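Colleague: Starting off with a structure, shown below.
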Amino acid sequence: MSDPLDCRLVQRLFSELAPFQTKANLQGALQVVEKDLPEPQAALPPLQPEPEKPKRQIGQWVLLVIAVLALSAAVVFVVLRFITPATPEANNVERNPSPGLDGIIAASIPPEQLILGDCLRGFESPLAVQTVVTCDSAHNAQLIGSFELAGEEYPGSNELLTESESLCKSVSLDPSAGLDSTWTYHFSRPSESTWTQGDRQVSCFLSLSEGNVRNSLLPENEES
């Protein structure tokens, strides 16, 4: 029969060793569980939202381009409508104050530089360049009148023709000049295009169909 004291010693020994055994068992169990767990995966970067298309910015650029084109068109319209290109002025032809025996005062003078009363040699058209001579030398035409028309609106070709002819025939001529049916009226007048540029001048000429004269067709007080 065992001693009761020995039994108590054995029980006490087991009770003191029990916590250590339990702890060892838990550690082993944890090690087994950890071995069985899958390895953690690397964290993926968070998804970034796709950037929105700059619709508003594109629309602003489109509006800007349209505005620039509209402004350019307006500038071109103003330039073409109100600004006429400057036409080079013809060089003034010098007049000889002391013409020689040929009587030539100026040769190849443009029509716009003629003066009222100028006698013309070799006249063919009121729009051609002219040779101005003294009226006591041979010539076949003379500038007898010059008028400035009034009005803003172009009157039309037929009406302008009638008015120009009436103005030219209203010029008083020297009754002693010996005018007859061999003399013909000529006149230059504005065209529709020159009218819009401010041309309002009507120039009147009388010319011989053939031959020459050596006198002026205008009274002395009418000559320049």
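The values are calculated or read from the model by the stated rules, or taken from the named source; none is laboratory data. Model, not experiment: these values are computed from the prediction. Every residue, glycine as well, gets a Cβ built from its backbone with ideal geometry; the counts of neighbours run over all protein chains shown.
Colleague: Assess whether L167 counts as being within 22 Å of E124 (Cα to Cα), without any contact (Cβ under 8 Å) to a residue 40 or more places away in the chain and of a type in the set (A, V, I, L, M, F, W, C).
Modeller: Yes: the conditions hold for L167.
Colleague: Given (1) farther than 25 Å from G100 by Cα; (2) at pLDDT 95 or above; (3) more than 48 Å from the chain's Cα centre (by Cα), where does W195 come up short, assuming only one miss?
Modeller: Just one mismatch for W195, condition (3).
Colleague: Which pairs turn up if I take residues in region 104-117 that are within 13 Å of A141 (Cα to Cα) and among the polar types (S, T, N, Q) and look for partners that are part of a helix (DSSP H, G or I) and at pLDDT below 95 with beta carbon separation below 7 Å, at least 6 apart in sequence or on another chain?
Modeller: Going by the 7 Å Cβ cut-off, there are no qualifying pairs.
For every residue, the table says whether it meets (1) at pLDDT below 95; (2) within 22 Å of N221 (Cβ to Cβ); (3) of a type outside the set (A, V, I, L, M).
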{"position": "Q113", "(1), (2), (3)": "no, no, yes"}
{"position": "L116", "(1), (2), (3)": "no, yes, no"}
{"position": "T131", "(1), (2), (3)": "no, no, yes"}
{"position": "A138", "(1), (2), (3)": "no, no, no"}
{"position": "G145", "(1), (2), (3)": "no, yes, yes"}
{"position": "E163", "(1), (2), (3)": "no, no, yes"}
{"position": "C168", "(1), (2), (3)": "no, yes, yes"}
{"position": "P175", "(1), (2), (3)": "yes, yes, yes"}
{"position": "T182", "(1), (2), (3)": "yes, no, yes"}
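Colleague: Taking the conditions exactly as written (surrounded by 15 or more Cβ atoms within 10 Å (Cβ to Cβ), in contact with a helix residue (DSSP H, G or I) (Cβ under 7 Å, 6 or more places away or on another chain) and of a type in the set (S, T, N, Q)), does S188 satisfy them or not?
Modeller: So S188 passes the test.
Colleague: Mind checking whether some residue in region 192-209 is closer than 28 Å to G151 by Cα, buried (at least 17 other Cβ atoms within 10 Å of the Cβ), without any contact (Cβ under 8 Å) to a residue 60 or more places away in the chain and of a type in the set (V, I, T)?
Modeller: Looking through region 192-209, at least one residue is closer than 28 Å to G151 by Cα, buried (at least 17 other Cβ atoms within 10 Å of the Cβ), without any contact (Cβ under 8 Å) to a residue 60 or more places away in the chain and of a type in the set (V, I, T).
Colleague: S203 - would you say it is of a type in the set (S, T, Y), part of a strand (DSSP E or B) and at pLDDT 95 or above?
Modeller: Yes.
Colleague: Okay, next question. Within region 156-184, track down each residue that is part of a helix (DSSP H, G or I) and surrounded by 13 or more Cβ atoms within 10 Å (Cβ to Cβ).
Modeller: L160, L161, E163, S164, E165, L167, C168, A177
Colleague: Also: If you scan region 97-146, which residues turn out to be in contact with a Cys (Cβ under 6 Å, 6 or more places away or on another chain) and either assigned to a loop (DSSP other than H, G, I, E, B) or farther than 12 Å from S207 by Cα (or both)?
Modeller: V133, C135, G145
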